[in-house]
Amino acid sequence: MTQTETASEALFQPMIWQQDHLQLLDQRLLPHQEHWLRLEHADQAATAIRDLAVRGAPAIGITAAYGAVLAACECRQQDKAGWREEWITQLGKLAQARPTAVNLGWALDRMLSIELPEDDPLARLEQEAIAIHQEDINCNRQLAALGSGLIRPGSRVLTHCNTGPLATGGIGTALGVIISAWQQGRLTDVFADETRPWLQGSRLTAWELTRHQVPCQLIIDGAAAWLMASQGIDWLIVGADRVAANGDVANKIGTYSAMLAARSHGVNTMVVVPWSTVDMNTTDGGNIPIEQRADSEITNIGGHQIAAEGATSWNPVFDITPAELVDFLVTERGIIANPDQAKIAELA
Ligand code: MRU
């Protein structure tokens, strides 16, 4: 079974399920090389998530769901009767691949919670993984329609990190809103932070925008405040890896400073997420685990050492934006203005 999109939506699919394996577009090599990985085993799915061959909260969740199917195949081949115990261990390993994006645990919990028929559990698991993928595609459409409806014609937007088709099942979250708003003629300019240290903005967002024929102007992350002060930006639109029950937002490092700058300059802020990114079990941002990655992501670029020999680094790859800096939280369940614990609980 494969999924296809209509041309008016995402113009490419980075994850393609092929009955017994997952084809994955390797995001580490973009935009210079379009190389596809063939994942046949659950541990390959865990490695692909950990090593950023696939990244972005919804895409991580979808990959993990297919990884759970691959794990079940392997466990049943080894022990047809008692496969579930080893399968649960395998899911635990998948869950550890990255800590911040809640969609990973959400997708695995959903795979674990379904009732499996004795005769053909694999078909049921495959059906659920495909449903998770398809629901994200549909959800992206809703997010794009809801979020773009907030944007007045003639607006200029800034985004951070990568939230488009590479990071999701469909057209994207924040970037889906931006692509849709551009197609509706609501935008005059789209700016994207390059997003240090991994350059999701300059490598991935710029690639996606260009493929969707949306002109993209890159800025260095440190230029965001001055862009707002000097160029009349109307919106800062971002995705999230996890939204806590009180509306605090964990997203790519640099989001918090861009949000602070937006508040300071009267720029509207929009956080666009599928409901699977809202974690009602985490009360506030202080309880969200923040992933720390290797020094080399900062000290090196493209495999070349650029920092002075001997320098180390502090490399948290996410930060927390307090809910009070978020003007609009857009989910497929609806739009919340000035999100807080009570408003999110109502939608939940
Ligand atoms: O480290 P990454 O590239 O997985 O971080 C991704 C982000 O921070 C995205 O903004 C977030 O996952 C939203 S994706 C729709």
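The values are calculated or read from the model by the stated rules, or taken from the named source; none is laboratory data. Not measured: the values here are computed from a predicted model. FYI the Cβ positions are ideal-geometry reconstructions off the backbone, even for glycines, and counts take in every protein chain you see. Keep in mind that these areas ignore ligands, DNA and RNA; they rest on the heavy atoms of the full protein, side chains included. Shrake-Rupley method; radii C 1.70, N 1.55, O 1.52, S 1.80 Å.
A few comments on the model shown:
- Using the 1.4 Å probe convention, the accessible area of the chain works out to 41 Å² per residue with neighbouring protein chains retained.
- Whole-angstrom Cα spans of the chain along principal axes, big to small: 66, 52, 40
- Loop trypsin sites (Lys or Arg not before Pro), the range 1-106, which have at most 12 other Cβ atoms in a 10 Å radius of their Cβ (DSSP): 80
- With the simple model of a label 7 Å out from the Cα in the direction of the Cβ, residue 28 to residue 313 spans 1.6 nm.
- Sorted into 10 angstrom bins from 0, the C-alpha pair distances of the range 165-275 split as 14, 49, 35, 3 percent.
- Dipole check for the range 94-166: with +1 at the C-beta of Lys and Arg, -1 at the C-beta of Asp and Glu, and the Cα centre as origin, the magnitude is about 840 Debye.
- For the chain, leaving out every one of the chymotrypsin sites (Phe, Trp or Tyr not before Pro) that falls in a DSSP loop and has at most 15 other Cβ atoms within 10 Å, the longest unbroken run is 13-313.
- For the range 213-348, the alpha carbon positions stretch 53, 36, 31 Å along the principal axes, listed from largest to smallest.
- Value of [θ]222 nm, deg cm²/dmol, for the chain, DSSP H segments ≥ 4, -39500 (n - 2.57) each, nearest 500: -11500 deg cm²/dmol
- Projected onto its three principal axes, the C-alpha set of the range 3-139 covers 46, 29, 25 Å, listed from the longest axis down.
- All-pairs Cα distance distribution in the range 290-348, expressed in whole percent, bin size 5 Å: 4, 15, 17, 12, 9, 9, 9, 11, 9, 5, 1
- For the range 74-216, a Kirkwood radius taken over Cα pairs fed into Stokes-Einstein (25 °C, viscosity 0.890 mPa s) yields D = 141 µm²/s.
- Neighbour-limited loop hits for GluC sites (Glu not before Pro), the range 296-344 (at most 12 other Cβ within 10 Å; DSSP other than H, G, I, E, B): 309
- Each Lys and Arg contributes +1 and each Asp and Glu -1, all at the Cβ; summed about the Cα centre of the range 144-347, the dipole is approximately 560 debye.
- Computed from the Cβ-Cβ distance with R0 of 45 Å, the FRET efficiency linking residue 305 to residue 123 stands at 0.35.
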